[in-house]
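Q: Let me give you the structure first, and then I'll get to my questions.
The values are calculated or read from the model by the stated rules, or taken from the named source; none is laboratory data. No experiment lies behind these values; they were computed from the predicted model shown. We place every Cβ from the backbone using ideal geometry, glycine too, and count neighbours over all the protein chains shown. Just the protein is used for accessible areas: all its heavy atoms, side chains included, with ligands, DNA and RNA removed. Shrake-Rupley method; radii C 1.70, N 1.55, O 1.52, S 1.80 Å.
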Amino acid sequence: MRKITAFLLSIAGTAVSAVARMLSDSEQKESTSAPETGLSPKKPTESSENGKELYKTAGIKKAEVKQLTNNAPLTIPGFITGSASVRPHEHDKYNVDILNTHEKVIGHIEKNRRLCNSLEEWHRGTVFTFVKVTESNETETSSGTAFIPAGLATKEINNLREVFEKLSIRNKILSNENIHSADYLKILDDHKQISQTLAGLNITDLIDISLSKRLIPTLSKQLEDQQDWAGLLKLEKHSNLIDELSERFAGTTYRRISKAKKNTGQKI
């Protein structure tokens, strides 16, 4: 009887040890394999540790901008970029100033407790933002709406900032009379990244990023005239945009790409 009892206790001990090892291994694997998300210092919750009311979820939050400076420099037509910064004062303890890229106040958001608390909790009071400008009849100020990435990961916010940087560069390039083929290709490469970022944030309807239907036909002809076969081959990766062209222009573009393949010894 003693031998049976000892045997059963031995089995039980072994089972407990095995379970303990499994739990330990699982915890260790979870802690070491979890990817870096780049989230803000604290994960978005409905309230902070001290009970302050926050946004229920992270995302692009919009708020009306008061006293928006009418002559604030636009990053791209209709939009100003800068930052939203918590700056309370005696008349509004939840005041959030809108600053341009030169740190100059160009407007403010009044008495928005949830926004103020969330920026302090998740972004140490300041975060990148963009403002959609609506013209008014006033001479010194106009109206506008701020779109603020509250609680988003640092990488997502940086990607959003890059969208406006790339769109600004695009506008400058397209304003030139003579455009180099390499610049056209850059615009197409940037367009893909811009589209993916805006789609990921579900704000594709906020900013018109459409390209002229003439851009690709113009580029493909330019590359063909220059006998830049490598450039034409790069153009093929933008087949989704080529397919949006009319049958005539799409066909001509693909013909030029086939010509590039033939001249570089590739199969058509």
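Q: Under 7 Å between Cβ atoms, at least 6 apart or on separate chains: pull out the pairs that start in the stretch 255-268 with a residue that is without any contact (Cβ under 8 Å) to a residue 24 or more places away in the chain and end on any residue that is outside any helix (DSSP H, G or I).
A: Every condition considered, the pairs that remain are SER258/ILE268; LYS262/ILE268.
Q: Which pairs do you get when a residue that is within 13 Å of VAL131 (Cβ to Cβ), found in the stretch 53-81, comes within reach of a residue that is among the basic types (Lys, Arg), reach meaning Cβ atoms under 8 angstrom, with the pair 6+ apart or on two chains?
A: Close Cβ pairs satisfying both conditions: GLY78/LYS132; PHE79/LYS132; THR81/ARG161.
Q: Hey, does the stretch 127-138 have a residue that's touching a Lys or Arg at 6+ places or on another chain (Cβ under 8 Å) and either assigned by the TED database to the domain that holds GLN67 or part of a loop (DSSP other than H, G, I, E, B) (or both)? Before you say what the answer is, go through the steps one by one.
A: Restricting attention to the stretch 127-138, the residues satisfying the condition of being touching a Lys or Arg at 6+ places or on another chain (Cβ under 8 Å) are 128.
Filter once more, so that each one left must be either assigned by the TED database to the domain that holds GLN67 or part of a loop (DSSP other than H, G, I, E, B) (or both): 128.
Yes, some residue in the stretch 127-138 is touching a Lys or Arg at 6+ places or on another chain (Cβ under 8 Å) and either assigned by the TED database to the domain that holds GLN67 or part of a loop (DSSP other than H, G, I, E, B) (or both).
Q: Now, a different point. Kindly list the number of the only condition in (1) touching a helix residue (DSSP H, G or I) at 6+ places or on another chain (Cβ under 8 Å); (2) small (Gly, Ala, Ser); (3) outside the structural domain of LEU68 (by the TED database) that fails for SER175.
A: Unmet for SER175, out of (1) touching a helix residue (DSSP H, G or I) at 6+ places or on another chain (Cβ under 8 Å); (2) small (Gly, Ala, Ser); (3) outside the structural domain of LEU68 (by the TED database): (1).
Q: Looking only at the stretch 243-258, count every residue that is assigned to a helix (DSSP H, G or I), under 22 Å from ASP189 (Cα atoms) and of a type outside the set (Ser, Thr, Tyr) and tell me the total. Full working, then the answer.
A: Initial filter on the stretch 243-258 (assigned to a helix (DSSP H, G or I)): 247-258.
Retained after the next criterion (residues that are under 22 Å from ASP189 (Cα atoms)): 249-258.
Among the residues that remain, those that are also of a type outside the set (Ser, Thr, Tyr) are: 249-251, 255-257.
Matching residues across the stretch 243-258 total 6.
Q: Just give me the residues in the stretch 121-166 being buried (at least 18 other Cβ atoms within 10 Å of the Cβ) and farther than 25 Å from ASN70 by Cα, in sequence order.
A: GLU121, TRP122, HIS123, ALA150, GLY151, LEU152, GLU156, ILE157, ASN159
Q: Scanning the stretch 139-162 for residues that are part of a helix (DSSP H, G or I) and of a type in the set (A, V, I, L, M), which turns out nearest to the chain's Cα centre (by Cα)? I'd like the intermediate steps shown before the answer.
A: Restricting attention to the stretch 139-162, the residues satisfying the condition of being part of a helix (DSSP H, G or I) are 154-162.
After this cut, where a residue has to be of a type in the set (A, V, I, L, M) as well, the list is 157, 160.
On the way: ILE157: 6, LEU160: 3 Å.
Looking at residues that are part of a helix (DSSP H, G or I) and of a type in the set (A, V, I, L, M), I get LEU160.
Conditions (1) modelled with pLDDT under 95; (2) under 17 Å from LEU74 (Cα atoms); (3) basic (Lys, Arg), marked per residue:
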{"position": "SER142", "(1), (2), (3)": "yes, yes, no"}
{"position": "GLU156", "(1), (2), (3)": "no, no, no"}
{"position": "HIS180", "(1), (2), (3)": "no, no, no"}
{"position": "LYS186", "(1), (2), (3)": "no, no, yes"}
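Q: Further question on the same structure: Assess whether TYR94 counts as being in contact with a Cys (Cβ under 6 Å, 6 or more places away or on another chain), open to solvent by less than 100 Å² (accessible area, probe 1.4 Å) and either on the phi > 0 side of the Ramachandran plot or modelled with pLDDT of 85 or more (or both). Break it down into steps so the answer makes sense when it comes.
A: Values: in contact with a Cys (Cβ under 6 Å, 6 or more places away or on another chain): yes; open to solvent by less than 100 Å² (accessible area, probe 1.4 Å): yes; either on the phi > 0 side of the Ramachandran plot or modelled with pLDDT of 85 or more (or both): yes.
Yes: the conditions hold for TYR94.
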